[in-house]
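Only the coordinates and a few stated rules stand behind these numbers; no lab work does. These numbers were taken from a predicted model, which means no experiment stands behind them. All Cβ positions, even for glycine, are placed from backbone atoms using ideal geometry, and neighbour counts span all protein chains on display.
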Amino acid sequence: MTTHDEHRDSGSSSISIEEVRHVAELARLAMSDEELAACQNQLGSILNHIATIDGIDVQGVQPLAHAIDMSNRLSDDIAGDSLSIEDVLANAPAIEDRFIAVPKVLDTGDGE
């Protein structure tokens, strides 16, 4: 008689074909029996890798937000010189009076 861990370590699948079929149905995938068998092996392998990772002792290990030590580099919010109105309007593709003209993006329903 083999234990679940021995069964898992032998490389055989740890997921049934019915479970693979159920996952395929949830994902709305039409799969042949051959495709289901291939996915059974692949998913079994993935689950075996996850079980290996799950078996690692992480007691006392500090969780990380990033793999490398980094922090946001934010600059001070200081007002600086900006373009003059004339320079801004000179770069605009179309202007009306002293405004930048843009295509209408909202339909107000009034026919305009």
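Hey, how many Å between the Cα centroid of region 68-112 and the Cα centroid of region 27-55?
Here the answer is 51 Å between Cα centres.
Given a Förster radius of 41 Å and the C-beta distance between residue 45 and residue 71 as r, what FRET efficiency does 1/(1 + (r/R0)^6) yield to the nearest 0.05? Intermediate values should be presented prior to the final figure.
On the way: r = 38 Å, r/R0 = 0.92.
After rounding to 0.05, the efficiency reads 0.60.
State the dimensionless ratio Rg/Rh of the chain (Rg: radius of gyration of Cα atoms; Rh: Kirkwood radius).
1.39
For residue 14, list long-range residues whose amide hydrogen, built 1.01 Å from N in the peptide plane, is under 5 Å from its own amide hydrogen.
44
To the nearest 10 degrees, how steep is helix 33-54 against the longest Cα principal axis of the chain, on a 0 to 90 scale?
90 degrees
Compute the helix-to-body angle for 17-26: its Cα long axis versus the longest principal axis of the chain, expressed 0 to 90° and rounded to tens.
The angle comes out at about 20 degrees.
Sorted by packing (mean other beta-carbon atoms within 10 Å per residue), highest first, where do 94-107, 26-39 land? Mind dumping the intermediate values first?
Numbers: 94-107: 8.4, 26-39: 11.2.
Put in order of decreasing packing, that is 26-39, 94-107.
On full extension of the chain, what length is gained from residue 59 through residue 95, given 0.36 nm per residue of separation minus the C-alpha to C-alpha distance?
Working: separation 36, 0.36 × 36 = 12.96 nm, distance 6.46 nm.
Additional length available on full extension: 6.5 nm.
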